[in-house]
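Visitor: Take this structure, written in structure tokens, and hold onto it; I'll ask about it next.
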Amino acid sequence: MPARRCRDNGHPAYPIRQHANAVPHIDMDTPHWFLTGAGHIGTLAAWYLQRAGHGVTVLKPNAAPVREARIAFAGDGREQRMRLPVQTPSADGPPISHLIVACKTPYTAAALANVVLAPRATVVRLQNGMGSLDGHLPADARLIEAVTTNAVTGDAGVHRVVAENQSWMGDGGAAPAWFESLARCWPGLHWAHDIRRPQWRKLVANAAINPLTALYDVPNGRLVDEPELYAAMGAIVAEADALLKRLDPGWPGDSLGAVAALARASADNCSSMRADMQRGARTEIDAINGWLLEQGAQLGMDMPVNQALVERVHAATPATAPG
Ligand code: KPL
């Protein structure tokens with residue numbers, strides 16, 4: 001595992017406060033979760049959790065006390081409705097034992113600012129990229145990384161689940177007690193004993209597909225249809241593979257085929273970074289290509305293609321853009 005360190009993403013790296021007198025957390029089969037980031041993927045996770053009998057409360061400041069979400073699954077004409085209680089994160093509130101972080105990576109520090117974790121809390125990071133929680137959690141928290149290749153889009157206030165593919169959770173240890181009930185209700189969810197592999201596979205795909213589709217304002221499929229964009233994708237992937245192979249000599253280092261297949265399989269999709277850029281929001285470039293650059297810098301590796309991408313995306317997106 002590469003050393004985890006605090007990235008300079010413009011936010012102060014302060015740990016989440018921990019409740020001094022909290023009762024030590026005992027793992028349970030159906031815990032109550034608090035969710036930061038009820039976007040498409042966060043809402044879908046809440047849906048699976050509720051179906052598994054787990055409780056879910058959304059953490060959002062100054063919002064209505066109940067969130068009514070509408071979800072439609074491909075192939076199932078019916079629209080499902082879900083009610084989620086909403087709470088303002090508060091330093092005076094009871095400590096949280098189970099937290100899911102599913103907000104966009106640039107907003108992580110702000111989303112966690114008033115969250116108080118119980119001792120030995122479990123935190124599931126369901127975000128793109130890497131390292132967004134580095135320096136933000138108490139040392140005794142259990143950080144579980146989650147990766148999903150599910151695809152959800154949205155229109156007219158409905159979360160449209162286009163594809164339920166594979167998802168993984170893991171932290172190098174054994175699955176917690178609640179995982180079994182959740183996996184029964186979350187199609188394609190696996191406990192990964194080596195979560196780094198699926199994480200890195202998704203990272204390389206996001207590093208190539210997201211910034212290119214955002215900068216050229218094209219759907220994912222154009223990256224395989226246009227020779228110039230395909231070549232650009234190849235150059236990004238080659239740099240990423242070379243770095244990951246330095247970090248782990250066991251890394252296969254031949255990601256281009258899989259990345260091209262994903263671009264083809266999601267040909268009509270608007271990537272999340274393209275969508276962010278279109279609405280003038282901050283992008284996840286720092287947690288994706290920026291993470292690659294940081295790792296490269298630690299190894300003294302030049303990564304000019306990824307460096308140029310990060311600079312172009314930053315130039316196209318104001319640092320203070322809304323979420
Ligand atoms: O994860 C994605 C994203 O847009 O963030 C891909 C896989 C590229 C699908 O659009």
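The values are calculated or read from the model by the stated rules, or taken from the named source; none is laboratory data. These numbers were taken from a predicted model, which means no experiment stands behind them. Neighbour counts are summed over all protein chains in view; Cβ atoms, including those assigned to glycine, are modelled from backbone coordinates with ideal geometry.
Visitor: Within the stretch 220-319, which helices (runs of 4 or more DSSP H) (wholly inside it) include 2 or more residues that are within 14 Å of the ligand (Cβ to nearest atom) and surrounded by 14 or more Cβ atoms within 10 Å (Cβ to Cβ)? Break it down into steps so the answer makes sense when it comes.
Guide: Working: elements: 222-225, 227-247, 256-265, 272-278, 289-298, 304-316.
Once the helices (runs of 4 or more DSSP H) in the stretch 220-319 are filtered for at least 2 residues that are within 14 Å of the ligand (Cβ to nearest atom) and surrounded by 14 or more Cβ atoms within 10 Å (Cβ to Cβ), what remains is 222-225, 227-247, 256-265, 272-278.
Visitor: Now for a different question. Across the stretch 33-66, what is the number of residues that are surrounded by fewer than 18 Cβ atoms within 10 Å (Cβ to Cβ) and more than 18 Å from residue 146 (Cα to Cα)?
Guide: The number of residues fulfilling the criteria is 10.
Visitor: Among the residues of the stretch 75-94, are any within 24 Å of residue 191 (Cβ to Cβ) and either at pLDDT 95 or above or touching a Gly at 6+ places or on another chain (Cβ under 6 Å) (or both)?
Guide: First, the residues of the stretch 75-94 that are within 24 Å of residue 191 (Cβ to Cβ): none.
Checking the stretch 75-94: not a single residue is within 24 Å of residue 191 (Cβ to Cβ) and either at pLDDT 95 or above or touching a Gly at 6+ places or on another chain (Cβ under 6 Å) (or both).
Visitor: Looking at the stretch 305-323, which of its residues are without any contact (Cβ under 8 Å) to a residue 60 or more places away in the chain, within 16 Å of residue 211 (Cβ to Cβ) and of a type outside the set (A, V, I, L, M, F, W, C)?
Guide: 307, 311, 314, 317 - these are the residues of the stretch 305-323 that are without any contact (Cβ under 8 Å) to a residue 60 or more places away in the chain, within 16 Å of residue 211 (Cβ to Cβ) and of a type outside the set (A, V, I, L, M, F, W, C).
Visitor: Can you tell me which of (1) surrounded by fewer than 16 Cβ atoms within 10 Å (Cβ to Cβ); (2) within 16 Å of the ligand (Cβ to nearest atom); (3) at negative phi is the one residue 188 doesn't meet?
Guide: (3)
Visitor: Give the residues of the stretch 109-126 that are farther than 22 Å from residue 175 by Cβ and part of a strand (DSSP E or B), sorted by residue number.
Guide: Here is the first cut: in the stretch 109-126, the residues farther than 22 Å from residue 175 by Cβ are 109-116.
Result: 116, single match.
Visitor: So is residue 280 at pLDDT below 95 and closer than 18 Å to residue 105 by Cα or not? Walk me through it before giving the result.
Guide: Working: at pLDDT below 95: yes; closer than 18 Å to residue 105 by Cα: yes.
Judged against the criteria, residue 280 is a match.
Visitor: Taking the conditions exactly as written (part of a helix (DSSP H, G or I), within 17 Å of the chain's Cα centre (by Cα) and small (Gly, Ala, Ser)), does residue 183 satisfy them or not?
Guide: On the way: part of a helix (DSSP H, G or I): yes; within 17 Å of the chain's Cα centre (by Cα): no; small (Gly, Ala, Ser): yes.
Against the criterion (part of a helix (DSSP H, G or I), within 17 Å of the chain's Cα centre (by Cα) and small (Gly, Ala, Ser)), residue 183 does not qualify.
Visitor: Same structure, new question: State all residues of the stretch 114-148 that are over 28 Å from residue 211 (Cα atoms) and charged (D, E, K, R); if no residue qualifies, say none.
Guide: Residues satisfying the conditions are 120, 140, 142.
Visitor: Follow-up question, since we're still on this one. Go through (1) away from the ligand (no atom under 16 Å from the Cβ); (2) not in a loop (DSSP other than H, G, I, E, B) and name the single condition residue 172 misses.
Guide: In the conditions (1) away from the ligand (no atom under 16 Å from the Cβ); (2) not in a loop (DSSP other than H, G, I, E, B), residue 172 misses (2) alone.
Visitor: Filter the stretch 127-151 for residues that are more than 13 Å from the chain's Cα centre (by Cα) and assigned to a strand (DSSP E or B); which is nearest to the ligand (Cβ to nearest atom)? Write out each step before concluding.
Guide: Keep residues of the stretch 127-151 that are more than 13 Å from the chain's Cα centre (by Cα), which gives 134-143.
Adding the requirement that they be assigned to a strand (DSSP E or B) leaves 142-143.
Values: 142: 25, 143: 21 Å.
It comes out as 143.
Visitor: Does the stretch 127-145 hold any residues that are surrounded by fewer than 17 Cβ atoms within 10 Å (Cβ to Cβ) and in contact with a Gly (Cβ under 9 Å, 6 or more places away or on another chain), and which are they?
Guide: 142
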